[in-house]
Amino acid sequence: MNLQATGLIMHCRAGFESEVGAEVLALCGRHDITGVVHGKPDSALVRFALAKPCDWAHLLEAVPFNDCVFARERFAWMGSISDLPEQDRAGVIVNHLVALYAKTPLRFGRMSCEFADTNEAKEMSGFLRRFAPHLEKALAKKGMLAMKAEAPTLHLFFETSSACDFGLSMPDDASPWPMGIAHLRMPIGAPSRSTLKMSEAFFALMSETERASTLRAGLKAVDLGAAPGGWTLQFAQRGVRVTAIDNGPLAQSVLDTGLVEHVRADGFTWRPKQRVDWMVCDMVEQPARVAALIADWFVTGRCRRSIFNLKLPMKKRYAEVEKCRALISARLDDEGLSHVMRMRHLYHDREEITVYLALV
Ligand SMILES: C[S@@+](CC[C@H](N)C(=O)[O-])C[C@H]1O[C@@H](n2cnc3c(N)ncnc32)[C@H](O)[C@@H]1O
């Protein structure tokens, strides 16, 4: 099935368009795929227009979602439809897609109507909530929807209600949430909103198998810079025992889990007496200093996996991330420690990214 993509469309937090541009150029560059980046500042959306069209599956393989840091969601851009008539937008979109794909084996597993995550574009969300069910019904009627979880997702991005860009992604190579926007509930007893960041990280950066085997009763974690305890609570609620390091106070609701020991100490110098399963770190510090600390815990055998934040500088954010990635990889490689490292600017992140690092 050789279906040609004209580029990629990527969602991000408003203000991070140039980082998305830098990363897509770097990822495509590894495969000699060239093109031009278009991303208006603060638009929360980046388009990468290919110099020449290429097979959509090949393009997505060249830019695996797990390798994207600043793109919250991305899909192969297959085309655009303009001048949608107010009376029959769904009919025009469906006819367009039927003309393109009805004679191919392509059927969509799911449909996602999308808009940019900016205040200006918020009004689109109301329109799309009403419009999406009509469109889905019309697609189903034409036999374009397959009831298969593994079939490609159809993305329709609306900048206005009269035009859309459409494209494809594979469900196992995409964000778990439409547009990468994680709507998560605050757990009972949560002392800080940053608890949502850890809960998002579990789903955005780890597979179901990884979660099942490493977030369970009987395991041990250390949380560096733990107060007031939002991250610690995520582990304790899954039965993991946590040593929480911070000179600041922990919330009573966190201590009441009975699984948390609070140690008032400096997270940069404190070390556990025995190896632990997890070390997590949310200390606000220079990213390179945090990266060096994380690498040190791994190469000295103190933990097997970690989730940590890297606070981003005001400028050269992409370069800083790559510097920290290289620093950690080099130290672990030097010790012969094979590992996976996944980095993402999560929906709940602001001026930082979240990293999952694990020995394999
Ligand atoms: C962003 S807050 C952590 C929030 C926490 N992850 C949560 O979910 O509630 C950063 C914490 O790091 C602590 N911190 C900063 N430097 C530290 C250090 N050198 N040693 C221990 N804690 C430190 C601060 O006291 C602060 O409580």
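No value in this document is a laboratory result; all are computed from the given coordinates. Keep in mind that this is a model prediction, so the values were computed, not measured. Virtual Cβ from ideal backbone geometry, glycine too; neighbours counted across all protein chains shown.
Around the Cα centre of the chain, unit charges on the Cβ atoms of Lys, Arg, Asp and Glu (plus for the first two, minus for the last two) sum to a dipole of about 660 debye.
Whats the longest run of the chain with zero trypsin sites (Lys or Arg not before Pro) that are DSSP loop and have at most 14 other Cβ atoms within 10 Å? Result, exposed sites excluded: 31-102.
Note down the relative contact order for segment 1-151 as a percent, whole number, built from C-alpha pairs under 8 angstrom at least six residues apart. Let's see the in-between values first.
Values: 226 pairs, mean separation 39.7, N = 151.
The normalised contact order for segment 1-151 reaches 26 percent.
In percent, what relative contact order does segment 204-292 have, based on Cα pairs under 8 Å that are 6 or more apart in sequence? Present the calculation step by step, with values, prior to reporting the outcome.
Details: 142 pairs, mean separation 27.1, N = 89.
Reported as a whole number, the value is 30 percent.
May I ask you to sort 36, 284, 222, 63 by Cβ crowding, counting other Cβ atoms within 10 Å and putting the fewest first? Display every interim value, and only then the final one.
On the way: 36 12, 284 9, 222 28, 63 23.
Least crowded to most crowded, the residues run 284, 36, 63, 222.
Counting Lys +1, Arg +1, Asp -1, Glu -1, what net charge surrounds residue 60 among other residues with beta carbon under 9 Å of its beta carbon? In short, -1. Bridging of residue 122 to lysines at a Cα separation below 21 Å is possible for 40, once same-chain residues fewer than 8 apart are set aside.
Calculate, in nm to one decimal, what residue 55 and residue 212 gain on full extension: separation in residues at 0.36 nm each, minus their alpha carbon distance. Kindly include the intermediate steps, with their values, before the conclusion.
Working: separation 157, 0.36 × 157 = 56.52 nm, distance 3.53 nm.
Net length gain for the segment: 53.0 nm.
Could you list the GluC sites (Glu not before Pro) in segment 1-103 that lie in coil according to DSSP, counting only those with at most 15 other Cβ atoms within 10 Å of their Cβ?
Working: sites: 17, 19, 23, 61, 73, 86; in loops: 86.
Passing both the DSSP loop test and the Cβ count: 86.
Working from label points 7 Å from Cα in the Cα-to-Cβ sense, the residue 247 to residue 32 distance is 5.7 nm. The loop-placed GluC sites (Glu not before Pro) in segment 132-233, going by DSSP, that have at most 13 neighbouring Cβ atoms within 10 Å of their Cβ come out as 150.
Got the relative contact order for the chain handy, in percent, Cα pairs under 8 Å and 6 or more residues apart? Mind dumping the intermediate values first?
Working: 715 pairs, mean separation 50.4, N = 360.
Over the chain, the number comes to 14 percent.
GNM remark for the chain: springs join alpha carbons under 10 Å apart, and the peak mean-square fluctuation among 300, 118, 243 falls on 300.
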